[in-house]
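K.L.:
After the structure tokens below, expect a handful of questions from me.
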Amino acid sequence: MDQANQQVESAPQPAPVEPEAMNMVATLGICSAGWLIPGLAHILIGRWIRGLIFAASVLLMFALGLGMHGKLYDLEFDEPLHVFAFIANIGTGIPYWIAERFNLGIGTMTWPSYDYGTTYLWVCGLLNYLIVLDAFDIAQGRKP
Amino acid sequence: MILSHFTALVIFALIVSTVFALITKNEPREQFRYGVFVFLSFLAVAFVVGWIMYPLPL
């Protein structure tokens, strides 16, 4: 009986399946796509539902930020601290440039929800950076 | 569009907690629990900070 138990215990266990890592060029291409169009990186990896939820979250937040008359920042060299706001804003990718093209992110300081709108616009860009990093980890096999 | 401060806070907390939950957890059950935790934490902290600031002469 003991011998049988030992045999069962010493039987080779199936190795845990490790996710395959993509090559770095493909990973960076996918991450770039995810930066330009929020959620696209996860969709390209095959995580459809996750990608669609991310896209909806970021784009909804961006639209609400613009709707609340928030401000989108440009790269202005005479105001060095605005660089941080600019970096946060461009995290949204193509929607940022579309909004800039149509003068949607001018920002009305006298509008009651101006501060909230501007914060929404910063945070949706920063969230998209996190989403791209998540896609990078998945593509590199570091995360299931 | 004019949202009240509380509505803007709730929408903000909802979206951010959804993204945080999906990024940090892998199992759907864990994601849901963590998302609810983060969402409620946002609201709780906002209430507490709001009441702390209430008597201040701003």
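Listed here are the residues, each with its yes/no results for (1) in a helix (DSSP H, G or I); (2) within 26 Å of A:VAL132 (Cα to Cα).
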{"position": "B:LEU3", "(1), (2)": "no, no"}
{"position": "B:LEU22", "(1), (2)": "yes, yes"}
{"position": "B:ARG29", "(1), (2)": "yes, yes"}
{"position": "B:PHE32", "(1), (2)": "yes, yes"}
{"position": "B:PHE39", "(1), (2)": "yes, yes"}
{"position": "B:ALA44", "(1), (2)": "yes, no"}
{"position": "B:VAL48", "(1), (2)": "yes, no"}
{"position": "B:PRO57", "(1), (2)": "no, no"}
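K.L.:
Which condition number in (1) facing chain B (nearest Cβ under 10 Å); (2) in contact (Cβ under 8 Å) with a residue 40 or more places away in the chain is the one that A:LEU130 fails?
P.N.:
With (1) facing chain B (nearest Cβ under 10 Å); (2) in contact (Cβ under 8 Å) with a residue 40 or more places away in the chain applied to A:LEU130, the lone miss is (2).
K.L.:
Being out of contact with any Ser or Thr (no Cβ under 9 Å at 6 or more places or on another chain) and open to solvent by 90 Å² or more (accessible area, probe 1.4 Å) is the filter here; which residues of segment B:4-13 pass it?
P.N.:
Across segment B:4-13, the qualifying residue is only B:PHE6.
K.L.:
B:LEU14: within 11 Å of another protein chain (Cβ to nearest Cβ) and free of Cβ contacts under 8 Å to residues at least 40 places away in the same chain, yes or no?
P.N.:
Judged against the criteria, B:LEU14 is a match.
K.L.:
Quick one: in segment B:18-57, of everything that is hydroxyl-bearing (Ser, Thr, Tyr) and facing chain A (nearest Cβ under 10 Å), which residue is most open to solvent (accessible area, probe 1.4 Å)? Walk me through how you get there before you give the answer.
P.N.:
Filtering segment B:18-57 down to residues hydroxyl-bearing (Ser, Thr, Tyr) leaves B:18, B:24, B:34, B:41, B:54.
Subset that is facing chain A (nearest Cβ under 10 Å): B:18, B:24.
Working: B:THR18: 49, B:THR24: 74 Å².
Among residues in segment B:18-57 that are hydroxyl-bearing (Ser, Thr, Tyr) and facing chain A (nearest Cβ under 10 Å), the one most open to solvent (accessible area, probe 1.4 Å) is B:THR24.
K.L.:
Follow-up question, since we're still on this one. Tell me, please, whether a residue that is under 25 Å from B:THR24 (Cβ atoms), hydrophobic (A, V, I, L, M, F, W, C) and within 14 Å of chain B (Cβ to nearest Cβ) can be found in segment A:112-122.
P.N.:
Yes.
K.L.:
Of all residues in segment A:39-70, which are more than 7 Å from every other protein chain (Cβ to nearest Cβ) and either at positive phi or more than 15 Å from the chain's Cα centre (by Cα) (or both)?
P.N.:
Narrowing segment A:39-70 to residues more than 7 Å from every other protein chain (Cβ to nearest Cβ): A:39-49, A:51-52, A:55-56, A:58-59, A:62-63, A:65-66, A:69-70.
Across segment A:39-70, the qualifying residues are A:GLY39, A:GLY46, A:ALA63, A:GLY65, A:LEU66, A:HIS69, A:GLY70.
K.L.:
Then there's this: Quick check on segment A:122-132. Is at least one of its residues farther than 21 Å from B:LEU9 by Cα, in contact with a Leu (Cβ under 9 Å, 6 or more places away or on another chain) and among the aliphatic types (A, V, I, L, M)? Show your work before the answer.
P.N.:
Of all residues in segment A:122-132, those farther than 21 Å from B:LEU9 by Cα come to A:129, A:131-132.
Add one more test, that the residue is in contact with a Leu (Cβ under 9 Å, 6 or more places away or on another chain), and what stays is A:131.
If we keep only those that are among the aliphatic types (A, V, I, L, M) too, we end up with A:131.
Yes: one or more hits.
K.L.:
With modelled with pLDDT of 95 or more and loosely packed, with under 14 Cβ neighbours inside 10 Å as the only criterion, which of A:LEU52, A:LEU40, A:LEU59 stands out?
P.N.:
A:LEU52
The values are calculated or read from the model by the stated rules, or taken from the named source; none is laboratory data. The model shown is predicted, which means the values in this text are computed figures rather than measured ones. Cβ atoms come from the backbone with ideal geometry, glycine included; neighbour counts cover every protein chain shown. To get the accessible areas, we keep the full protein, side chains included, count just its heavy atoms, and leave off ligands, DNA and RNA. Shrake-Rupley method; radii C 1.70, N 1.55, O 1.52, S 1.80 Å.
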